[in-house]
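K.L.:
Structure incoming, see below.
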Amino acid sequence: MEEADLEGRFLIAMPGIGDDRFHRSVILICAHSDQGAMGLVVNQPAESISFDELLEQLEIEPNEQTSATPIRIGGPVESGRGFVLHSSDYQGETALDIAGKFMLTGTVDILRDIAKGAGPSKRIIALGYTGWAPGQLEQEIQQNGWLSCESVPDIVFGESDDDKWVAALSEMGISPELLSAEGGTA
């Protein structure tokens, strides 16, 4: 069986995921290969720090536009590391294209550009990431831990984190009330 490339797709946590860190999570898969997978949770706010506070810690002067930049908990791996998931209108030298829909930058240069008003028009900051060893993600999907669907920039960059899980499910035509924590086999 050939494995599907999940890069640029959403993972939507099923009710029976069994890990409270991912309850009602929507993850954008940024990289997927036979070496494993890496993604960012796009709907869990980091309530302990604002973007302006992050800039101040990095000795970058915040401005009026920066305070609207949301910070998310991207996942439990390397939570001290930050990523900027953004629109393709900004393409720094180190930006990684994600399926032609998004860009991912992990250097401080983009934060300086955002503070100068020269950054991407749409963006979220993710602290940490979610990672899977080779074959692990495919196994979790097979065990009914995740659903996968096409990603939607309006959901990723939308303002209401509480609505992103339901919105991602609706992209698949699924109502949350119809989901079960139990998976079946044929």
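The values are calculated or read from the model by the stated rules, or taken from the named source; none is laboratory data. In this text the structure is predicted, and so the values were computed from the model without any measurement. With ideal geometry, Cβ positions are generated from the backbone for all residues, glycine too; neighbour counts draw on all protein chains shown.
Each row is one residue, and each column tells you yes or no for (1) of a type outside the set (Ser, Thr, Tyr); (2) touching a helix residue (DSSP H, G or I) at 6+ places or on another chain (Cβ under 6 Å).
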site	(1), (2)
ALA37	yes, yes
LEU54	yes, no
SER67	no, yes
SER79	no, no
LEU85	yes, no
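K.L.:
Somewhere in region 30-41, is a residue over 14 Å from the mean Cα position of the chain (by Cα), at negative phi and surrounded by 16 or more Cβ atoms within 10 Å (Cβ to Cβ)?
P.N.:
No - not one qualifying residue is present in region 30-41.
K.L.:
Would you say GLY158 is modelled with pLDDT under 95 and surrounded by 15 or more Cβ atoms within 10 Å (Cβ to Cβ)?
P.N.:
Taking the combined requirement at face value, the residue satisfies it.
K.L.:
Moving on. Assuming ILE110 fulfils every condition listed in (1) in contact with a His (Cβ under 9 Å, 6 or more places away or on another chain); (2) within 18 Å of SER151 (Cβ to Cβ); (3) in contact (Cβ under 8 Å) with a residue 24 or more places away in the chain; (4) outside any loop (DSSP other than H, G, I, E, B) apart from one, which condition is it?
P.N.:
Just one mismatch for ILE110, condition (2).
K.L.:
On the given criteria, is LEU147 in contact with a Ser or Thr (Cβ under 7 Å, 6 or more places away or on another chain), touching a residue at least 24 places away in the same chain (Cβ under 8 Å), surrounded by 14 or more Cβ atoms within 10 Å (Cβ to Cβ) and in a strand (DSSP E or B)?
P.N.:
no
K.L.:
Sort out which residues of region 1-48 are at pLDDT 90 or above, among the β-branched types (Val, Ile, Thr) and either farther than 17 Å from ALA99 by Cα or part of a strand (DSSP E or B) (or both), and write them in order of number.
P.N.:
If the condition is that a residue be at pLDDT 90 or above, among the β-branched types (Val, Ile, Thr) and either farther than 17 Å from ALA99 by Cα or part of a strand (DSSP E or B) (or both), then ILE12, VAL26, ILE27, ILE29, VAL41 are the ones that fit.
K.L.:
Select, from LEU169, LEU178, the only residue that is modelled with pLDDT of 90 or more, farther than 12 Å from ASN43 by Cα and of a type in the set (A, V, I, L, M).
P.N.:
Being modelled with pLDDT of 90 or more, farther than 12 Å from ASN43 by Cα and of a type in the set (A, V, I, L, M) holds for just one of LEU169, LEU178, which is LEU169.
K.L.:
Being closer than 22 Å to GLY158 by Cα, free of Cβ contacts under 8 Å to residues at least 12 places away in the same chain and either not in a loop (DSSP other than H, G, I, E, B) or not hydroxyl-bearing (Ser, Thr, Tyr) (or both) is the requirement here; does GLU64 meet it?
P.N.:
yes
K.L.:
Please find, within region 61-103, the residue that is farthest from SER151 (Cα to Cα) out of those that are surrounded by 18 or more Cβ atoms within 10 Å (Cβ to Cβ) and polar (S, T, N, Q).
P.N.:
Per the criteria, the residue is THR66.
K.L.:
If you go through region 118-135 one residue at a time, how many are in a strand (DSSP E or B) and hydroxyl-bearing (Ser, Thr, Tyr)?
P.N.:
2
K.L.:
Can you find, within region 161-181, the residue that is surrounded by the most Cβ atoms within 10 Å (Cβ to Cβ) among those that are under 15 Å from the mean Cα position of the chain (by Cα) and of a type in the set (A, V, I, L, M)?
P.N.:
ALA168
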